[in-house]
Every structure is written in structure tokens, then in C-alpha cells.
Amino acid sequence: METCTIENCLKPLKAKGLCSMHHQRMLRHGDPNMVRPRRVKTFVQCKWVNCAAPAITKGLCPKHYYIYRVTQATLL
Ligand SMILES: [Zn+2]
Ligand SMILES: [Zn+2]
């Protein structure tokens, strides 16, 4: 049985010297070695002092963003 021509891939041959997985990649990306980099959601902590809540807007958590907005409004 013939196997995929990609290095370290021992899957059975499907088309054009590639296994089904690498053939799919070849069709989709034009490169059988293409692997989509996973998007890792980076956790951003609120920049407010002593606040460990995740930041949602402008580096602040919803609570502190609200305070920030209110204080900004009063300063204007
Ligand atoms: Zn393969
Ligand atoms: Zn906060």
C-alpha cells in the first residue's frame, strides 16, 4: 500500500501523492504543509489597581470601564 508523500505522514494515499488530509490542504491552501495557526484568545487583565477581572473595553473590566466613563464625563 502506498502512503502519503508528505514527510512523517503514514496515511494511505488518496490523490496526487497525498493522503486525504494533505490532499484537502493542497486544495484549500495550495500547500499540503499548511497548518492554520490556532487563534489563542489572550486574556487581558483589567489595568485598574488590584483588579483581576478580565478587561473588556480599553483595558478595563466592565465595572471599571463604567467608573472610567462616569469620571471622564464629570471631568468634561
Ligand atoms: Zn498525508
Ligand atoms: Zn477592573
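Remarks
- Helix content alone sets the calculated 222 nm mean residue ellipticity of the chain: runs of n ≥ 4 DSSP H residues at -39500 (n - 2.57) each, divided across all residues, give -10000 deg cm²/dmol.
- Residues whose amide H comes within less than 5 Å of that of GLN45, counting only those at least five positions distant or on another chain, are ALA55 (H built at 1.01 Å from N in the peptide plane).
- 5 angstrom amide H check on LYS14, placed H, neighbours 5+ away: CYS19, SER20
Rule-based calculations on the coordinates, nothing more; no lab input. Small disclaimer: the values here were computed from a predicted structure and weren't measured.
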